[in-house]
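The next block holds one structure in the form of structure tokens; read it before the comments.
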Amino acid sequence: MNFELTTNPIKHIEADVEIIIVVDKNFEHRFIQDKALLEKAGFKGEQDETTLLIEQDRLYVGMDKLASTNMRTAIAAAIRKIQGIKSYQTVKIASYMNHEKCTAALKAMVEGAILGAYRFDRYKSEKSPQTLEQITISMEDYREFDLNIQACAEALNAAQILAEATNFTRDIVNTSPDDCYPKVMAKIAKDLAKESGLSCRILKPKDLRKEQMHTLLAVARASRHKPRVIHLSHKPKNPKMVISLIGKGLTYDSGGLSLKPADFMVTMKSDKSGGSAVLGIMKAVSEMDLPIEVHGFVGAVENMIGGDAYKPDDVLVAKNGKTIEIRNTDAEGRLVLADTLCYAQQEVKADYIFDFATLTGASVVGVGHYTSSVMGNSEETKDLVLKGAKIAGEFATKLDFNRYLKKSIKSEVADICNISNTRYGGAITAGLFLEAFIDEDHKEKWAHIDIAGPAFVEHAWGENPHGASGAGVRMMVKLLERLSKEK
Ligand code: BES
Ligand code: ZN
Ligand code: ZN
């Protein structure tokens, strides 16, 4: 999909179809030429509501207010409606927000188009044709403001990079577990590194043993797919700060010997969403060439059953020497992350550490399907994540730690237990388990983001399709962009 920006008035632009944004519910805006027809069609102009007037080649889409979040989902809905119509190859849209913040609106528009057009048809014999070739955006309403074309072009480019990185993550997550296992994830990372100039190191089982990552190795043991730890880095000259990102890359989570019930196992190919988000973020960071050093670590493992499986009652020793009593092999993500967090902290002294994981069903129960849970020891660090999410149009909320829940992961036989002794507060107790593997000097600089809710949803919502959403990518890239601009 190709984008073009112009200050030409919309009526002078040639295109197969026009998308018209409707904010005024009385249909009074000068761009709305079909008031009577719209009323006849029962169009109310509600957020994301669309009506295609096929004879006029005009698609109307409603928006509740002129805000980026509304723009992103409205354009996604509009694009979904017209893509696949063979005669519509070129589209024109008038950018509507006549105020100085036009770059934010422009970004939301471009992100909405690319995210909305996403489809995953790898396993379909008949592929859906991508008919849309060109989207021309008219900036005529900005003329009265000294339009900074350079800033607009940069915004367009950044939005394209970000949306395409999100779609890259979605593709990895949607791929079925026997097509995307740890070795394949490592290959995706290596190919990405080659294309975008990142450095890449892959740790294989021999290296993982050398690094004393026996907890991660135990989770991986029963699978025929051997584990990998991926380390990608973006290292610009004179970086403003150093960031480490860590992702849970469970290419399949059967639950292990504490086997998941059949209904709960379906969709567990999505347990690699945290790791896949880290890969997408690294892609965006390198393509945007952000002036900060960013390291991405992924613990890529498959959690299976078999005679060789790790088991409840095992005591594992993590990379930092802590002993872990295993009482449930389905609480495996925190084990993989424990070793990967230790490795990341050994390799890089970072100003901030963020981890992404589909860690708990409890997060989905607590905050619903669309929201990520953010945990950590520092309000400032958590607020950074929340701010990034807000700009990106992702939902995120804080879950507070407390010392009473911390007691619930104590073990009678080891240093810590991999599950809590209470059935409540499971997202927080999982976060507290991870906290035990954060070094003293990183405690305030770390945040854990449980993306179990939004990472994979079995219906389309907003700019997200059925299946993988790429949760975490946009919120983190927006955060990193902000950090890049700090003095
Ligand atoms: N991958 C799951 C968490 C999950 C559940 C992600 C639903 C997305 C949707 C994780 O490994 C898991 O199984 N967690 C257990 C922990 C429990 C055994 C303490 C859970 O949430 O039930
Ligand atoms: Zn599990
Ligand atoms: Zn899991």
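The values are calculated or read from the model by the stated rules, or taken from the named source; none is laboratory data. Bear in mind that the values here come from a model prediction, so they are computed numbers and not experimental data. All Cβ positions, even for glycine, are placed from backbone atoms using ideal geometry, and neighbour counts span all protein chains on display. Areas reflect the complete protein model, heavy atoms only, side chains present, ligands, DNA and RNA absent. Shrake-Rupley method; radii C 1.70, N 1.55, O 1.52, S 1.80 Å.
Remarks
- Residue match in the stretch 166-176 (condition: assigned to a helix (DSSP H, G or I), among the aliphatic types (A, V, I, L, M) and open to solvent by less than 40 Å² (accessible area, probe 1.4 Å)): yes
- Considering residues of the stretch 236-267 that are without any contact (Cβ under 8 Å) to a residue 12 or more places away in the chain, within 16 Å of ligand 3 (Cβ to nearest atom) and in a loop (DSSP other than H, G, I, E, B) only, the residue nearest to Glu293 (Cα to Cα): Val266
- Residue within the stretch 146-158 that is small (Gly, Ala, Ser), at pLDDT below 95 and open to solvent by less than 40 Å² (accessible area, probe 1.4 Å) present: yes
- Residue within the stretch 329-336 that is surrounded by fewer than 24 Cβ atoms within 10 Å (Cβ to Cβ), out of contact with any Phe, Trp or Tyr (no Cβ under 6 Å at 6 or more places or on another chain) and farther than 22 Å from Ala471 by Cβ present: no
- Index of the failed condition, Gly116 passing every other in (1) free of Cβ contacts under 8 Å to residues at least 40 places away in the same chain; (2) buried (at least 23 other Cβ atoms within 10 Å of the Cβ): (1)
- When residues in the stretch 224-235 are screened for being more than 24 Å from Glu481 (Cβ to Cβ), assigned to a strand (DSSP E or B) and not charged (D, E, K, R), 1 of them pass.
- Out of Thr429, Thr422, Thr397, sole residue that is farther than 22 Å from Asn320 by Cα, among the polar types (S, T, N, Q) and out of contact with any strand residue (DSSP E or B) (no Cβ under 7 Å at 6 or more places or on another chain): Thr422
- Residue within the stretch 332-340 that is away from ligand 3 (no atom under 16 Å from the Cβ) and either within 23 Å of the chain's Cα centre (by Cα) or not aliphatic (A, V, I, L, M) (or both) present: no
- Unmet requirement for Tyr123, which otherwise passes all of (1) farther than 30 Å from His12 by Cα; (2) surrounded by 14 or more Cβ atoms within 10 Å (Cβ to Cβ): (2)
- Complete set of residues in the stretch 471-487 that are assigned to a helix (DSSP H, G or I) and in contact (Cβ under 8 Å) with a residue 24 or more places away in the chain: Val473, Arg474, Met475, Met476, Val477, Lys478, Leu479, Leu480, Glu481, Arg482, Leu483, Ser484
- Every residue from the stretch 411-430 that is open to solvent by 100 Å² or more (accessible area, probe 1.4 Å) and within 25 Å of Val374 (Cβ to Cβ): Asn421, Arg423, Tyr424
- Extreme residue, least open to solvent (accessible area, probe 1.4 Å), among residues of the stretch 365-395 that are of a type in the set (S, T, N, Q) and closer than 20 Å to Pro465 by Cα: Ser372
- Residue selected from the stretch 88-106 under the condition at pLDDT 95 or above and not in a loop (DSSP other than H, G, I, E, B), by the criterion most open to solvent (accessible area, probe 1.4 Å): Thr90
- Residues in the stretch 398-433 that are touching a helix residue (DSSP H, G or I) at 6+ places or on another chain (Cβ under 6 Å), closer than 18 Å to Thr358 by Cβ and of a type in the set (A, V, I, L, M): Leu399, Ala427, Ile428, Ala430, Leu432.
- Scanning the stretch 177-195 for residues that are part of a helix (DSSP H, G or I) and either modelled with pLDDT under 95 or of a type in the set (A, V, I, L, M, F, W, C) (or both) gives Val184, Met185, Ala186, Ile188, Ala189, Leu192, Ala193.
- Leu316, sole failed condition from (1) assigned to a strand (DSSP E or B); (2) without any contact (Cβ under 8 Å) to a residue 24 or more places away in the chain: (2)
- Restricting the stretch 33-60 to residues that are outside any helix (DSSP H, G or I) and either within 16 Å of Ile114 (Cβ to Cβ) or of a type in the set (D, E, K, R) (or both), the residue that is nearest to the chain's Cα centre (by Cα): Asp48
- Taken over the stretch 337-364, the criterion of being open to solvent by 40 Å² or more (accessible area, probe 1.4 Å) and either among the hydroxyl-bearing types (Ser, Thr, Tyr) or under 14 Å from Cys417 (Cβ atoms) (or both) is satisfied by no residue.
- Selection of the stretch 324-337 for residues being under 21 Å from Asp207 (Cα atoms) and either more than 14 Å from ligand 2 (Cβ to nearest atom) or outside any helix (DSSP H, G or I) (or both) yields only Glu332.
- One residue alone among Asp271, Asp253, Asp308, Asp263 is more than 16 Å from ligand 2 (Cβ to nearest atom) and charged (D, E, K, R), and that residue is Asp308.
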